[in-house]
Amino acid sequence: MDKRSFLQLIGLGGLGLGTEWPWIPSWLEDTRTDAEFWDKVRADYLLTEDYINLESGYYNIIPQPTLKALQKHIETINVRGSHYMRNDQFPDKKRIIQSLAEVVGCSSESLILTRNTTESLNTVIKGIPWKANDHIIFAHQEYGAMQQMIRQVAQRFDLTITNLDIPMHPESDEEIVAHYEALIQPQTRLILVSHMVNITGHILPIKKICDMAHGHGVEVLVDGAHCIGHFDFNIEDLDCDYYGSSLHKWLATPLGCGLLYINPKHQETLWPLFTEDYRMTDGIQRFGHQGTHPVYHDLAIEHAITYYKALGPQRKEERLHALATRWMEALRDHKNIRLNTPAQQQRYAGIGNVGLKTIRASELAKQLMDTYGIFTVAIEGAGVDGCRITPNVFTSETEIDQFAQAMLQLASTA
Ligand SMILES: Cc1ncc(COP(=O)(O)O)c(C=O)c1O
């Protein structure tokens with residue numbers, strides 16, 4: 001791709017920015033081997049030398065091209081001020097939602113931008129027109145803040161809740177679906193379920209859970225915090241009712257970017273979290289109001305998408321999966337090591353969790369950092385005692401091997 005068509009692709013005409021735009025990934029125009037390709041990607045990141053970062057699960061730092069694009073947007077909007085906000089903000093947002101809808105596989109009429117998964121899921125949890133005695137199902141492995149918000153609405157609207165434990169090493173999708181189905185009652189209204197369990201990296205069979213739930217008249221709210229830009233799927237193929245995600249995780253947008261998909265059949269009944277002074281009833285528009293906020297972060301979503309497309313969604317997914325497989329296979333058979341992520345290939349992507357049978361996860365995380373300079377996060381709870389290991393597109397195989405060696409040493413000396 002030449003520079004001119006690349007600039008057209010990323011839609012810079014509207015901003016009046018010329019070819020000096022500092023955004024072209026250095027590796028984009030090169031054809032290279034896989035190893036060279038990932039070296040070039042790594043070179044697009046400014047990485048600390050203080051530690052090996054195996055904790056990209058909280059948020060993904062962004063590559064320099066996206067960062068530079070963000071900086072440029074901040075500068076431009078700081079010149080244009082209210083003129084930008086009044087004239088271009090909303091057409092730009094519409095265009096960004098269209099690009100995003102194409103990436104995530106749904107209609108732009110079902111999608112809004114939010115700040116993060118928290119805002120997306122809270123919109124749904126607080127916006128469902130609850131009736132007393134409605135019943136909600138979710139697993140202990142769900143993200144804590146979402147569990148807490150459900151408990152709060154349960155208290156407020158007199159709802160009931162049942163929890164389950166997701167099997168860590170299931171034999172089949174059907175085993176997982178059966179765990180949810182067993183808890184359904186006549187009053188069950190909603191299942192909250194993660195597409196990827198954040199503490200273990202376990203990918204759940206969402207489509208099958210949705211099919212089962214809909215057979216009982218139950219809606220499904222999917223927490224996809226870790227999934228957009230991580231592995232390839234279409235939201236509409238899942239047939240869910242609601243889907244929330246944080247784009248600052250795997251799509252590598254700047255902090256504070258999220259999405260919410262609302263199935264058209266719920267757009268008339270769900271209460272919006274934020275309201276506008278007009279447009280009470282027209283579909284997805286009811287939900288998109290955000291107030292005045294750092295719109296340049298939203299503008300950078302387009303650049304993150306372009307970077308993601310340049311990586312290739314499939315190539316990125318395969319790389320992350322390969323990095324995870326590399327360390328998991330190196331550690332799987334050690335008698336003191338416990339893998340807290342299913343072994344079946346289709347049940348994980350980049351994230352995995354591993355513990356030592358001899359020490360708690362918090363101690364393991366400390367030793368990994370203090371002795372080996374490897375940054376991870378300890379998870380202790382919901383049936384998990386291990387460190388979450390989250391490489392990224394900038395992670396090298398050497399770093400993965402260093403981590404595996406450190407684990408083997410700790411496992412043998414513990
Ligand atoms: C499963 C899950 N849901 C929701 C969230 C909240 O994401 P955010 O803080 O971006 O809103 C996280 C954050 O890590 C998560 O792992």
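From the list T188, T162, which one is surrounded by fewer than 17 Cβ atoms within 10 Å (Cβ to Cβ), farther than 26 Å from A324 by Cβ, among the hydroxyl-bearing types (S, T, Y) and away from the ligand (no atom under 16 Å from the Cβ)?
Working: T188 fails: surrounded by fewer than 17 Cβ atoms within 10 Å (Cβ to Cβ).
Answer to the selection: T162.
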> Any residue in segment 252-262 that is surrounded by 15 or more Cβ atoms within 10 Å (Cβ to Cβ), within 17 Å of the chain's Cα centre (by Cα), within 16 Å of the ligand (Cβ to nearest atom) and farther than 19 Å from T118 by Cα?
Replying inline: no
> Only one residue in Q141, Q98, Q187 is over 23 Å from G229 (Cβ atoms) and modelled with pLDDT of 95 or more, so which one is that?
Replying inline: Q187
>> Being more than 30 Å from T376 (Cα to Cα) and away from the ligand (no atom under 16 Å from the Cβ) is the filter here; which residues of segment 191-221 pass it?
In response: K207, K208, C210, D211, M212, A213, H214, G215, H216, G217, V218, E219
> Across segment 165-185, what is the number of residues that are assigned to a loop (DSSP other than H, G, I, E, B), in contact with a strand residue (DSSP E or B) (Cβ under 6 Å, 6 or more places away or on another chain) and away from the ligand (no atom under 16 Å from the Cβ)?
Replying inline: 2
>> Quick check on my filter: what residues within segment 47-65 are more than 16 Å from the ligand (Cβ to nearest atom), within 23 Å of A404 (Cα to Cα) and either at pLDDT below 95 or buried (at least 20 other Cβ atoms within 10 Å of the Cβ) (or both)?
In response: I52
>> Report every pair of residues separated by at least 6 positions or lying on different chains whose Cβ atoms are under 8 Å apart, first residue within segment 49-63 and farther than 22 Å from T117 by Cβ, second at pLDDT below 95 and within 14 Å of the ligand (Cβ to nearest atom).
In response: none
> Taking segment 285-307 as the search range and keeping residues that are of a type in the set (F, W, Y) and modelled with pLDDT under 95, which one is farthest from Q344 (Cα to Cα)?
Replying inline: F287
> Are any residues in segment 222-242 within 12 Å of the ligand (Cβ to nearest atom) and either within 15 Å of I97 (Cα to Cα) or touching a Lys or Arg at 6+ places or on another chain (Cβ under 9 Å) (or both), and if so, which ones?
Replying inline: A225, H226, C227, I228, H230
> Just one of the numbered conditions (1) within 16 Å of the ligand (Cβ to nearest atom); (2) under 17 Å from the mean Cα position of the chain (by Cα); (3) assigned to a helix (DSSP H, G or I) is not true of Q141; which one?
Replying inline: (3)
> Do any helices (runs of 4 or more DSSP H) entirely within segment 205-323 hold 2 or more residues that are of a type in the set (S, T, Y), and if so, which?
Replying inline: 295-311
> Would you call D44 under 25 Å from H230 (Cα atoms), away from the ligand (no atom under 16 Å from the Cβ) and either without any contact (Cβ under 8 Å) to a residue 60 or more places away in the chain or not aromatic (F, W, Y) (or both)?
Replying inline: yes
> Residues in segment 361-381: is at least one in a loop (DSSP other than H, G, I, E, B) and within 23 Å of R42 (Cα to Cα)?
Replying inline: yes
> Looking at G381, is it surrounded by fewer than 23 Cβ atoms within 10 Å (Cβ to Cβ), at pLDDT 95 or above and within 20 Å of D165 (Cα to Cα)?
Replying inline: yes
> Can you name the residue in segment 117-138 that is buried (at least 22 other Cβ atoms within 10 Å of the Cβ) and within 11 Å of the ligand (Cβ to nearest atom) and, of all such residues, is farthest from N263 (Cα to Cα)?
Replying inline: T117
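The values are calculated or read from the model by the stated rules, or taken from the named source; none is laboratory data. Fair warning: this is a prediction, and the values are worked out from it, not measured in the lab. Ideal geometry is used to build each Cβ from the backbone, glycine not excepted, and the neighbour counts take in all protein chains shown.
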